[in-house]
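I'd like to ask some things about the structure below.
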Protein chains: 2
Amino acid sequence: MPSYSAPTRDMQFILHDVMNITASDIPGYGELNRDFTGAILDEAGKLAENVLAPLNAVGDRQGCRLENGVVRTPDGFKAAYGKMRAAGWMGLDANPDYGGQGMPYLLHIATGEIFVSANMAFNMYLGLTHGAIAAIHTHGSDAQKALYLPPMIEGSWSGTMNLTEPQCGTDLGLIRTKAEPKEDGSYKISGQKIWISAGEHDLTDNIIHLVLAKIPGGPEGVKGISLFIVPKVLVNDDGSPGARNTLSCGGLEQKMGIHGNATCVMNYDGATGYLVGEMHKGMRAMFTMMNEARLGVGLQGYAQGVVAYQNALTFAQDRLQGRAVTGAEAPGKPADPIIVHPDVRRNLMDQKAFVEGARAFAFWGASLIDRARRSDDAEADALISLLIPVLKGFLTDKGFETTVLAQQTLGGSGFTRDWGLEQFVRDARITMIYEGTNGIQSLDLVGRKLGLNGGKTVMGFFDLLKTFLRENEDNTALKTGFLDPLKAASKDLQSAAIYFMQNLKNPNAALSGSYDFMHLFGHVCLGLMWARMARASMAALAAGDTDIAFHETKIATGRHYMARLLPATGLHLARITSGPQTVMELEAANF
Amino acid sequence: MPSYSAPTRDMQFILHDVMNITASDIPGYGELNRDFTGAILDEAGKLAENVLAPLNAVGDRQGCRLENGVVRTPDGFKAAYGKMRAAGWMGLDANPDYGGQGMPYLLHIATGEIFVSANMAFNMYLGLTHGAIAAIHTHGSDAQKALYLPPMIEGSWSGTMNLTEPQCGTDLGLIRTKAEPKEDGSYKISGQKIWISAGEHDLTDNIIHLVLAKIPGGPEGVKGISLFIVPKVLVNDDGSPGARNTLSCGGLEQKMGIHGNATCVMNYDGATGYLVGEMHKGMRAMFTMMNEARLGVGLQGYAQGVVAYQNALTFAQDRLQGRAVTGAEAPGKPADPIIVHPDVRRNLMDQKAFVEGARAFAFWGASLIDRARRSDDAEADALISLLIPVLKGFLTDKGFETTVLAQQTLGGSGFTRDWGLEQFVRDARITMIYEGTNGIQSLDLVGRKLGLNGGKTVMGFFDLLKTFLRENEDNTALKTGFLDPLKAASKDLQSAAIYFMQNLKNPNAALSGSYDFMHLFGHVCLGLMWARMARASMAALAAGDTDIAFHETKIATGRHYMARLLPATGLHLARITSGPQTVMELEAANF
């Protein structure tokens, strides 16, 4: 059985030593002092370690069962959900007007990492509700907000997102689900949606489905899509439950992982739905939620890496095989723990350097979302929009890779079910696919975000890098290990951007390199994070912080990232500038 | 349901256009003309496509069941095994003196790829027997060979390898299984072995276990290990079945993949065993089989990539989503097939370029084993010993990666069980672990093989590269796309080797870079393979070969490898030369 321990110390370091959040001018951040965030993270940690983590394997083995139209979640899920709800975790960052606690989104992300590491499939039930709350909050009418938000924020109702249909995943223009206007202003929703996470389950009294559908006579393609609230149980004006709506779960998907979460075929048979926001503007409504949803998936990716790494480390410290090449380190034992072997360490350090850098990146992203929203800061909004495909694509690709590395640390044990590593691999795998495949993320980055505000946003990111390098150029301790490699990596990123600009007339040139560009970008971001973290640890040591081992370890881990992972930027640049020829050359039939 | 089509055309190209095997001086190769190998590959293909591939998902879903000590294989496995046996596939490359067909090992590898792509878990039952046959053939007495080999080669008996115990996987010096001499010259074997593939099943009348055990009073550690034949059913001198031996399957491992193959806990309760070869020389006996066993696992890795790629390609050609950025390519359809999108192509080309290069590498490796064995060529033997860890480690890492890439091509469908891609990922994952984890392969490469024959062997490999480059330096068509990148990659490999030599006094320097060195080496090998293949295709075109599309596709695919995958050598070199500091710095407790 794998174990999990919430990395609250590392989180506090990022929040306070690196980001110094209490000094931030983002509204609400001033109150987030070390004791306060410590208390919140500790509470989340206890719940995660004691309640959620032990259910992770249970959920995987039992999966969900569809019985007479009702989905039964795995044993223990309902009780655990009750505890999450009682503790108020669903409303942590929700609007107090509707019963939320009004905390910054950053805290939702920090505690979210803890919950997701402990039990990703379970936490998806809450994650989907969080997204649905955001959608209704942003686009719903006052009446809709008053009716639906309080029970969702309180946790007695949950939410879903219904986009995909059998003939359309990425290309939502092909949607066939129909929404016909009724005389009372509501709509009659008919169609089939697939891959609906948490589409049906037994955790809540009601499920509020958000459904993309087309109103007949509207524009073709994505411009004719509208967004609807379609409750499982219709809700009377006073909030009391009405009739059962004509929608049902038609089947559960058999899948590689996240077995504890019900992935449903949803059939809408003339179900009653209510338009959210403007007619035909459903895609715009979806897009405004996308930043949070995608950051949330990026978080899932690295969070699986976090728990996988923890278990790989424990195994490497315990398992006795062979002797250190430089002489026995545990002569009293039949063999040394495998962590003495350089290649085992190489593997562990690669894992550690990624997950800690990823956390800093995700927290930074969350703070940008807070700044954009709470300070109405358009520049922060543009920057996070630029970074979102990187946060989603890079953190999930590398998060998955980290679970595979961690599994490898365990040798044969990693392949067996008992040790649990193989579940982290299977669960992490979906993060590279859903909420827009990582290929789509790279297309979004290169095709849409690079040109944001006429390129000003990406130039702003480059300025941010330059400013950091300039501000620290006298920091000799930081130079060789951090600033020099970051400068080299930034140069690779800029060269790639220049290559794209020089080939604007051939869109295939950029699109053949988009995936590598996303990774190149991700590495530069993590390089920046590590330079910031190393600077913070050096400053803490200089200021007499007594947790010397913590900071020295942080700096050493950062050096590992800069020396051994960051140089990947050169490979990605080489792939990009090799051009589109070899990618586009073959006829489809000749592959 | 995934499908599979045996790549016989590609195999024929490697065997005849690239390797020109009939002109080889390796005994037995002269008879392998195009018609003959074509007929063999076609037969294997039919069996694989029609019988084995349809059972792949069945095996995954049903798994094996242990019932009262008997293991039941999945529905259809026994009938399929009967067909394989009836067609004589078990004895393809076995000694005719014992009923084999005496074909070169190369043909075993070529047909093996086909069988493994179709159904890896099923083919493991045969693969284990193949290894046991080789062990008995090489190290058994004449009487043992006469008694055990004919029914194993005929397929009515199968074989296994028993190495691992709960406290020892990699470090076999820790073995506790005991072999006590009995008066009749046999031994009493007592102990528990775990992770024994095909340890118990219902496909054959008898199972011949090869077991590593220690004879009391022998040397400590690996020097005191002996190898024993321990049959499930004892065999009388006339070959007739005797008493049931006191060994049993104590449990089946629950694991991530290869569910169709029984992974057994084997209990030896004073079972009767017979010494194979010399006392205490069991490790040496295992080592002589290791080249074949490891090449076989490397083959499993890329073979899963082959079938995964085939299915990704079909999906990409069929699935309609979005429009080509340069204008609709299927205007009559609701959307274009996704293969029009550059990033989908980038992904497919990376898959294709790897699996085709990997096949050439595996076939080359097999021919070196044939040369070493059939021509008693010590140089070929040394070269294949050098290449084996690369064949195993690189082809399985990249083979697994290819299944993940292929799964990604399918988007959400790739995560569902129906499409079968997720099974290829789960099955391929074990290849990076068993038969020596890939970390151990890299240790073998750097710690043992680089110094083989005082470094002469690796110098011989460099000479081989140089000779190829020199012989083709006037080939202008080959220069930019193939020779130049191969030269650059070779230089990276040599720089890494020089770095290791310069740091001989610090073994951690080499061992911290061993994994990257293995990948660097693998890329250079595949670069060489692609240069050879491109040369062969160019020559075929120049000679008027009418299959123009085939050869042009081959050259284009090779160019993709050289331009987009081979540059990874630079990254691996950078990681290696960054040195051991960041890998070795942290105390184990501070991770």
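The values are calculated or read from the model by the stated rules, or taken from the named source; none is laboratory data. Model, not experiment: these values are computed from the prediction. Positions of Cβ are backbone-derived with ideal geometry, glycine not excepted, and every protein chain shown enters the neighbour counts. Surface accessibility is based on the protein's heavy atoms, side chains included, excluding ligands, DNA and RNA. Shrake-Rupley method; radii C 1.70, N 1.55, O 1.52, S 1.80 Å.
Take the conditions within 11 Å of chain B (Cβ to nearest Cβ), out of contact with any helix residue (DSSP H, G or I) (no Cβ under 7 Å at 6 or more places or on another chain) and surrounded by fewer than 24 Cβ atoms within 10 Å (Cβ to Cβ) and apply them to A:Asn590. Does it pass? It would help to see each step written out before you state the result.
Details: within 11 Å of chain B (Cβ to nearest Cβ): yes; out of contact with any helix residue (DSSP H, G or I) (no Cβ under 7 Å at 6 or more places or on another chain): no; surrounded by fewer than 24 Cβ atoms within 10 Å (Cβ to Cβ): yes.
No.
Hey, another quick one. So for region B:351-366 (the condition being surrounded by fewer than 24 Cβ atoms within 10 Å (Cβ to Cβ) and in contact with a strand residue (DSSP E or B) (Cβ under 8 Å, 6 or more places away or on another chain)), does at least one residue qualify?
For region B:351-366, residues surrounded by fewer than 24 Cβ atoms within 10 Å (Cβ to Cβ) and in contact with a strand residue (DSSP E or B) (Cβ under 8 Å, 6 or more places away or on another chain): absent.
Given the criteria touching a residue at least 12 places away in the same chain (Cβ under 8 Å), within 11 Å of the chain's Cα centre (by Cα) and away from chain B (no Cβ under 14 Å), does A:Leu368 qualify? Reasoning before the result, please.
On the way: touching a residue at least 12 places away in the same chain (Cβ under 8 Å): yes; within 11 Å of the chain's Cα centre (by Cα): no; away from chain B (no Cβ under 14 Å): yes.
No: the conditions fail for A:Leu368.
Right, here's the next one. When region B:397-422 is examined, which residues are found to be acidic (Asp, Glu) and open to solvent by 10 Å² or more (accessible area, probe 1.4 Å)?
Just the residues of region B:397-422 that are acidic (Asp, Glu), to begin with: B:397, B:401, B:418, B:422.
Listed by number, the residues that qualify are B:Asp397, B:Glu401, B:Asp418.
Which numbered condition in (1) open to solvent by less than 10 Å² (accessible area, probe 1.4 Å); (2) at the interface with chain B (Cβ under 9 Å from one of its Cβ atoms) is the only one that A:Gly298 fails?
Exception for A:Gly298: condition (2).
Tell me which helices (runs of 4 or more DSSP H) are completely within region A:354-439 and hold 3 or more residues being farther than 18 Å from A:Leu313 by Cα, or say none if there are none.
On the way: elements: A:378-409, A:412-415, A:421-429.
Of the helices (runs of 4 or more DSSP H) lying wholly inside region A:354-439, those with at least 3 residues that are farther than 18 Å from A:Leu313 by Cα span A:378-409, A:421-429.
Does A:Glu200 fit the bill of being crowded, with 22+ Cβ neighbours inside 10 Å, under 30 Å from B:Phe315 (Cα atoms) and at pLDDT 95 or above? Outline the logic, then answer.
Working: crowded, with 22+ Cβ neighbours inside 10 Å: yes; under 30 Å from B:Phe315 (Cα atoms): yes; at pLDDT 95 or above: yes.
In short, yes.
Out of everything in region B:312-334 that is within 18 Å of B:Ser413 (Cα to Cα) and at the interface with chain A (Cβ under 7 Å from one of its Cβ atoms), what residue ends up being surrounded by the most Cβ atoms within 10 Å (Cβ to Cβ)? Show your work before the answer.
First pass over region B:312-334, keeping only residues within 18 Å of B:Ser413 (Cα to Cα): B:312-322.
Then drop every residue that is not at the interface with chain A (Cβ under 7 Å from one of its Cβ atoms), which leaves B:313, B:317, B:321-322.
Working: B:Leu313: 18, B:Gln317: 14, B:Gln321: 22, B:Gly322: 20.
Out of the qualifying residues, it is B:Gln321.
Looking at (1) touching a Lys or Arg at 6+ places or on another chain (Cβ under 7 Å); (2) surrounded by fewer than 23 Cβ atoms within 10 Å (Cβ to Cβ); (3) closer than 20 Å to B:Asn475 by Cβ, find the lone condition where B:Ser578 falls short.
(3)
Taking the stated definitions as given, is A:Phe461 more than 19 Å from the chain's Cα centre (by Cα), farther than 22 Å from B:Thr403 by Cβ and open to solvent by less than 50 Å² (accessible area, probe 1.4 Å)?
Details: more than 19 Å from the chain's Cα centre (by Cα): yes; farther than 22 Å from B:Thr403 by Cβ: yes; open to solvent by less than 50 Å² (accessible area, probe 1.4 Å): yes.
The answer is yes for A:Phe461.
Which number in (1) of a type in the set (Ser, Thr, Tyr); (2) in a helix (DSSP H, G or I); (3) more than 13 Å from chain A (Cβ to nearest Cβ) marks the one condition that B:Thr569 misses?
(3)
Any residue in region A:147-158 that is away from chain B (no Cβ under 14 Å), acidic (Asp, Glu) and part of a strand (DSSP E or B)?
If we filter region A:147-158 for residues that are away from chain B (no Cβ under 14 Å), which is where we start, we get A:147-158.
Adding the requirement that they be acidic (Asp, Glu) leaves A:154.
From what is left, the residues that are part of a strand (DSSP E or B) are none.
For region A:147-158, residues away from chain B (no Cβ under 14 Å), acidic (Asp, Glu) and part of a strand (DSSP E or B): absent.
When the residues of region B:335-344 are narrowed to those that are in a helix (DSSP H, G or I) and open to solvent by 20 Å² or more (accessible area, probe 1.4 Å), which ends up farthest from the other protein chains (Cβ to nearest Cβ)? So that I can check it myself, show each step before the final result.
Going residue by residue through region B:335-344, those that are in a helix (DSSP H, G or I) are B:338-340, B:342-344.
In the following step, the residues that additionally are open to solvent by 20 Å² or more (accessible area, probe 1.4 Å) were identified as B:343-344.
Values: B:Asp343: 4, B:Val344: 7 Å.
Going through the qualifying residues, I end up with B:Val344.
A further question on this structure: Where residues in region B:2-18 are of a type in the set (Gly, Ala, Ser) and within 20 Å of the chain's Cα centre (by Cα), which of them is surrounded by the fewest Cβ atoms within 10 Å (Cβ to Cβ)? Explain how you work it out, then say what you get.
Let us first name the residues in region B:2-18 that are of a type in the set (Gly, Ala, Ser), namely B:3, B:5-6.
Imposing the further condition that a residue be within 20 Å of the chain's Cα centre (by Cα) reduces the set to B:5-6.
Details: B:Ser5: 16, B:Ala6: 26.
Going through the qualifying residues, I end up with B:Ser5.
Please verify whether A:Thr582 is assigned to a helix (DSSP H, G or I), farther than 20 Å from A:Thr396 by Cα, within 13 Å of chain B (Cβ to nearest Cβ) and among the hydroxyl-bearing types (Ser, Thr, Tyr), treating the condition exactly as stated. Step through it out loud before you land on a result.
Numbers: assigned to a helix (DSSP H, G or I): yes; farther than 20 Å from A:Thr396 by Cα: yes; within 13 Å of chain B (Cβ to nearest Cβ): yes; among the hydroxyl-bearing types (Ser, Thr, Tyr): yes.
Yes: the conditions hold for A:Thr582.
Going through B:Lys449, B:Lys398 one at a time, which residue ends up being among the charged types (D, E, K, R), in contact with a Gly (Cβ under 8 Å, 6 or more places away or on another chain) and either within 14 Å of chain A (Cβ to nearest Cβ) or in contact (Cβ under 8 Å) with a residue 24 or more places away in the chain (or both)? Before the answer, list the steps.
Details: B:Lys449 fails: in contact with a Gly (Cβ under 8 Å, 6 or more places away or on another chain).
B:Lys398 is the lone residue from the list that is among the charged types (D, E, K, R), in contact with a Gly (Cβ under 8 Å, 6 or more places away or on another chain) and either within 14 Å of chain A (Cβ to nearest Cβ) or in contact (Cβ under 8 Å) with a residue 24 or more places away in the chain (or both).
Another question, if that's okay. May I ask you to list the residues in region A:513-554 that are without any contact (Cβ under 8 Å) to a residue 24 or more places away in the chain and under 24 Å from A:Arg345 (Cα atoms)?
A:Asp547, A:Ile548, A:Ala549, A:His551, A:Glu552, A:Thr553
Consider A:Asn347 against the criteria (1) within 12 Å of chain B (Cβ to nearest Cβ); (2) of a type outside the set (Gly, Ala, Ser); (3) not in a helix (DSSP H, G or I): it satisfies all of them except one. Which criterion is unmet?
Against the list (1) within 12 Å of chain B (Cβ to nearest Cβ); (2) of a type outside the set (Gly, Ala, Ser); (3) not in a helix (DSSP H, G or I), A:Asn347 comes up short only on (3).
May I pose another question? So which pairs qualify, if the first residue must be in region B:493-510 and in contact (Cβ under 8 Å) with a residue 12 or more places away in the chain and under 26 Å from B:Leu526 (Cβ atoms), the second must be open to solvent by 60 Å² or more (accessible area, probe 1.4 Å) and among the hydrophobic types (A, V, I, L, M, F, W, C), the Cβ gap must be under 8 Å, and the two must be at least 6 apart or on different chains?
Pairs that qualify, where the first residue is in contact (Cβ under 8 Å) with a residue 12 or more places away in the chain and under 26 Å from B:Leu526 (Cβ atoms) and the partner is open to solvent by 60 Å² or more (accessible area, probe 1.4 Å) and among the hydrophobic types (A, V, I, L, M, F, W, C), are B:Ala510/B:Leu504.
Residues that are of a type outside the set (A, V, I, L, M) and free of Cβ contacts under 8 Å to residues at least 24 places away in the same chain: which strands (runs of 3 or more DSSP E) entirely in region B:165-276 hold 1 or more of them?
On the way: elements: B:178-181, B:187-197, B:206-214, B:225-231, B:233-235, B:241-244, B:247-252, B:263-276.
It comes to B:241-244.
Determine if region B:500-513 includes at least one residue that is under 23 Å from the mean Cα position of the chain (by Cα) and either of a type outside the set (D, E, K, R) or surrounded by 17 or more Cβ atoms within 10 Å (Cβ to Cβ) (or both). Even if it seems obvious, please write down each step before you answer.
Kept after step one, since they are under 23 Å from the mean Cα position of the chain (by Cα), are these residues of region B:500-513: none.
No.
So, one more: For A:Ile433, are the conditions met, namely being more than 30 Å from B:Thr582 (Cβ to Cβ), within 14 Å of chain B (Cβ to nearest Cβ) and either hydrophobic (A, V, I, L, M, F, W, C) or open to solvent by less than 10 Å² (accessible area, probe 1.4 Å) (or both)?
Considered against the rule, which asks whether it is more than 30 Å from B:Thr582 (Cβ to Cβ), within 14 Å of chain B (Cβ to nearest Cβ) and either hydrophobic (A, V, I, L, M, F, W, C) or open to solvent by less than 10 Å² (accessible area, probe 1.4 Å) (or both), A:Ile433 comes out as yes.
Here's another thing I want to ask about it. Suppose we filter region A:74-107 for residues that are of a type in the set (Asp, Glu) and open to solvent by less than 60 Å² (accessible area, probe 1.4 Å); how many remain? Don't jump to the end; show me each part of the working.
Here is the first cut: in region A:74-107, the residues of a type in the set (Asp, Glu) are A:75, A:93, A:97.
Pick out the ones that are also open to solvent by less than 60 Å² (accessible area, probe 1.4 Å) and you get A:93.
Qualifying residue count for the region: 1.
Right, next: Of everything in region A:157-183 that's within 18 Å of A:Val233 (Cα to Cα) and out of contact with any Pro (no Cβ under 9 Å at 6 or more places or on another chain), which residue is surrounded by the fewest Cβ atoms within 10 Å (Cβ to Cβ)?
By that ranking, first place goes to A:Met161.
So which of A:Ala556, A:Ala531, A:Ala549 ends up being of a type outside the set (Ser, Thr, Tyr), facing chain B (nearest Cβ under 8 Å), under 22 Å from A:Glu473 (Cα atoms) and not in a loop (DSSP other than H, G, I, E, B)?
Working: A:Ala531 fails: facing chain B (nearest Cβ under 8 Å); A:Ala549 fails: under 22 Å from A:Glu473 (Cα atoms).
None of the other options fit; the residue is A:Ala556.
Another one. For A:Ile21, only one of the following conditions fails: (1) in contact with a Phe, Trp or Tyr (Cβ under 8 Å, 6 or more places away or on another chain); (2) open to solvent by 40 Å² or more (accessible area, probe 1.4 Å); (3) over 27 Å from A:Gly260 (Cβ atoms). What is its number?
Single failed check for A:Ile21: (2).
While we're here: I need the full set of residues from region B:91-123 which are in contact with an Asp or Glu (Cβ under 8 Å, 6 or more places away or on another chain) and either under 26 Å from B:Gln423 (Cα atoms) or not in a helix (DSSP H, G or I) (or both), in order please. If you could, list the steps in order and put the result at the bottom.
First, pick out the residues of region B:91-123 that are in contact with an Asp or Glu (Cβ under 8 Å, 6 or more places away or on another chain): B:91, B:99-108, B:118, B:120-121.
Scanning region B:91-123 gives B:Gly99, B:Gly100, B:Gln101, B:Gly102, B:Met103, B:Pro104, B:His108, B:Ala118, B:Met120, B:Ala121.
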